[in-house]
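The values are calculated or read from the model by the stated rules, or taken from the named source; none is laboratory data. Model, not experiment: these values are computed from the prediction. Virtual Cβ from ideal backbone geometry, glycine too; neighbours counted across all protein chains shown. Note: accessible area is taken over every heavy atom of the protein model, side chains too, but ligands, DNA and RNA are not part of it. Shrake-Rupley method; radii C 1.70, N 1.55, O 1.52, S 1.80 Å.
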2 protein chains.
Amino acid sequence: MGEKVKGKLIIIGGGEDKKGKCVILRTVAELMGGESASLVIVTTATLKSEAVEKEYIRIFKHLGIKEVKPVNIDSREKAADQKIIDIIKEATGIFFTGGDQLRITSLLGGTPVYEALYRCYESGVVIAGTSAGASAMSDNMIVEGKSDDSPKKDAVNMAPGMGFLEEVVIDQHFAQRGRIGRLLDAVARNPYILGVGIDEDTAIIVEPEGIFRVVGSRTVIVIDGRGITFTNVSELNENEPLALTDICLHVLPSGFSFDLKKRRPLIPG
Amino acid sequence: MGEKVKGKLIIIGGGEDKKGKCVILRTVAELMGGESASLVIVTTATLKSEAVEKEYIRIFKHLGIKEVKPVNIDSREKAADQKIIDIIKEATGIFFTGGDQLRITSLLGGTPVYEALYRCYESGVVIAGTSAGASAMSDNMIVEGKSDDSPKKDAVNMAPGMGFLEEVVIDQHFAQRGRIGRLLDAVARNPYILGVGIDEDTAIIVEPEGIFRVVGSRTVIVIDGRGITFTNVSELNENEPLALTDICLHVLPSGFSFDLKKRRPLIPG
């Protein structure tokens, strides 16, 4: 976490409630400034941008935000478009929808739009993302990998993410798709990265000082591999099963926090 | 692990290979005595006993065991049948098939057949079980619980198992059905029990001195909750998400062992 960063991140495990109390999206709306927010919805991850835009515009307007602007950056050409950059510059919040995280990074990486987004974040704008938009938040990103599978070599493909959150790898739809095997593979590759698996309808809110707080109805699993005493990951061929000993795991529901610098959970109250 | 016990346990996570190299079932056959083994197949867990019997008879005969005797104990009356007890007394190995683990414990628990099985185990007979037959091995048994779900209060129903393996709770089809959430719930209830999640086509062989060794194509996850520093399990209502900090987790593939008394993994070589 750079000391210059003032923005907050809201990283949602996908499947956030859109019909009931909308706890997570309501929190997103409030943190972005509520009624006076200027929210930009980035649909780059999805090929169904119209339908996705429509849904989030409806919800965020319902939650009280008057100014909701979708931008559909579906090419690298558009990722250099000054009109889009100007819209982003005015935002108090950015929301990345779901879809395919590799679309986000391959279309936005190294472009003027990405630079504008990062400057927004540094200056205090709230950056939120759900599902693919969550995965793309960290510097190390899971591109894809089989769900409901054993921990094994090359269970996931990885790529550099948007880098808003450093030394972390995010996974989403975590319990609902049985993804601990693939997150263990990601952490095993270099245990300096912390694995954060976020369930559906669950999110972490990351404050500039490097502490995240859990909101939503389910849990976040933190996988800390610093204490790993044995690993075979470098010796295996693709798909061979991993051996890892002494992994530290935390299960955190709403109200609990985690200090990313100290790598310690914070118990409420 | 009682000091009087001489038998081995072979606890299989279900879905063991029955067509290829049959690594696990071949190990079962060898440990039971190979050609000269007397194998009793217990199909109590399943309602399709005939089909299941037929399949395992075919495989174990193919693997060289000449004497394979199925016993279909489908009532408590049969669990007192002297003819069945006499068959069990002659066994060098017992194999529990899959199905519903609650059928095993509710039909055999407290019966003369169970006593005969336990005496066999004490005297050196190999006891194997797959899927439901694996779950029933330990003293604490997971009866049922949702797969691919977050760690939450009452994620599983538990019951006393056959008690061959003490201070352990087994789960099977572990990665393939996304069951870490429910095993965390089981361990959270009383962290003195060790959670052992066994993948499909993977097994542990438990030696009398309390050391198990992994065989098969995937992994075993051991969840050690002794070091848990915070838990909210006693404060929650049903289905509320758990908070658990500082769980120790090990991922063990074939060739790796685990000392159940010291709760430490053993690295080969």
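Structure notes:
- Criterion applied to B:Val40, B:Val23 was being in contact with an Asp or Glu (Cβ under 9 Å, 6 or more places away or on another chain) and either open to solvent by 20 Å² or more (accessible area, probe 1.4 Å) or closer than 25 Å to B:Asp259 by Cβ (or both), and the one residue passing it is B:Val23.
- Taking the stretch A:117-139 as the range and being over 17 Å from A:Ala203 (Cα atoms) and either surrounded by 21 or more Cβ atoms within 10 Å (Cβ to Cβ) or touching a His at 6+ places or on another chain (Cβ under 7 Å) (or both) as the test, the residues that pass are A:Leu117, A:Cys120, A:Tyr121, A:Val125.
- Of the strands (runs of 3 or more DSSP E) lying entirely inside the stretch A:16-104, the ones with 3 or more residues being of a type outside the set (A, V, I, L, M, F, W, C) are found at A:67-71.
- Subset of the stretch A:147-158 [at positive phi and away from chain B (no Cβ under 14 Å)]: A:Asp154
- Residue satisfying condition, being in contact with a Phe, Trp or Tyr (Cβ under 8 Å, 6 or more places away or on another chain), touching a residue at least 40 places away in the same chain (Cβ under 8 Å) and either more than 13 Å from chain A (Cβ to nearest Cβ) or among the acidic types (Asp, Glu) (or both), within set B:Gly161, B:Gly98, B:Gly109, B:Gly129: B:Gly129
- Scope the stretch B:222-237; condition within 9 Å of chain A (Cβ to nearest Cβ) and open to solvent by 40 Å² or more (accessible area, probe 1.4 Å); matching residues: B:Gly227, B:Thr229, B:Phe230
- Selection status of A:Leu31, under 23 Å from A:Lys261 (Cβ atoms), of a type in the set (A, V, I, L, M) and open to solvent by 10 Å² or more (accessible area, probe 1.4 Å): yes
- Taken over the stretch A:216-228, the residue count meeting the criterion of being within 16 Å of A:Ile193 (Cα to Cα) and part of a loop (DSSP other than H, G, I, E, B) is 4.
- Within the stretch B:66-84, the set of residues being farther than 15 Å from B:Ile104 by Cβ and more than 22 Å from the chain's Cα centre (by Cα) comprises B:Lys66, B:Glu67, B:Glu77, B:Ala80, B:Asp81, B:Gln82, B:Lys83.
- Given (1) more than 13 Å from chain B (Cβ to nearest Cβ); (2) on the phi > 0 side of the Ramachandran plot; (3) surrounded by 24 or more Cβ atoms within 10 Å (Cβ to Cβ), number of the condition A:Gly178 does not satisfy: (1)
- Checked against the criterion of being open to solvent by 50 Å² or more (accessible area, probe 1.4 Å), over 20 Å from B:Phe164 (Cβ atoms) and either of a type outside the set (S, T, N, Q) or at pLDDT 95 or above (or both), the candidates B:Lys89, B:Lys54 yield just one match: B:Lys54.
- Count of residues meeting criterion [within 14 Å of B:Gly195 (Cα to Cα) and within 14 Å of another protein chain (Cβ to nearest Cβ)] in the stretch B:136-146: 0
- Restricting the stretch B:181-207 to residues that are within 20 Å of B:Lys261 (Cβ to Cβ) and among the hydrophobic types (A, V, I, L, M, F, W, C) leaves a set whose member that is farthest from the other protein chains (Cβ to nearest Cβ) is B:Val206.
- Inter-residue pairs, beta-carbon under 8 Å, first farther than 9 Å from B:Ile12 by Cβ and hydrophobic (A, V, I, L, M, F, W, C) and in the stretch B:192-210, second assigned to a loop (DSSP other than H, G, I, E, B) and open to solvent by 10 Å² or more (accessible area, probe 1.4 Å), 6+ apart: B:Leu194/B:Leu260; B:Leu194/B:Arg263; B:Ile205/B:Lys8; B:Val206/B:Lys8; B:Val206/B:Leu260
- Candidates A:Pro241, A:Pro191, filtered to the one that is under 20 Å from the mean Cα position of the chain (by Cα) and under 20 Å from B:Ile267 (Cα atoms): A:Pro191
- Failed criterion for A:Asp171 (all others in (1) out of contact with any Pro (no Cβ under 8 Å at 6 or more places or on another chain); (2) within 8 Å of another protein chain (Cβ to nearest Cβ) hold): (2)
Table: residues versus (1) more than 7 Å from every other protein chain (Cβ to nearest Cβ); (2) part of a strand (DSSP E or B); (3) open to solvent by 30 Å² or more (accessible area, probe 1.4 Å); (4) on the phi < 0 side of the Ramachandran plot.
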{"site": "B:Glu209", "(1), (2), (3), (4)": "yes, no, yes, yes"}
{"site": "B:Val214", "(1), (2), (3), (4)": "yes, yes, no, yes"}
{"site": "B:Asn239", "(1), (2), (3), (4)": "yes, no, yes, no"}
{"site": "B:Thr245", "(1), (2), (3), (4)": "no, yes, no, yes"}
{"site": "B:Leu252", "(1), (2), (3), (4)": "no, yes, no, yes"}
{"site": "B:Lys262", "(1), (2), (3), (4)": "yes, no, yes, yes"}
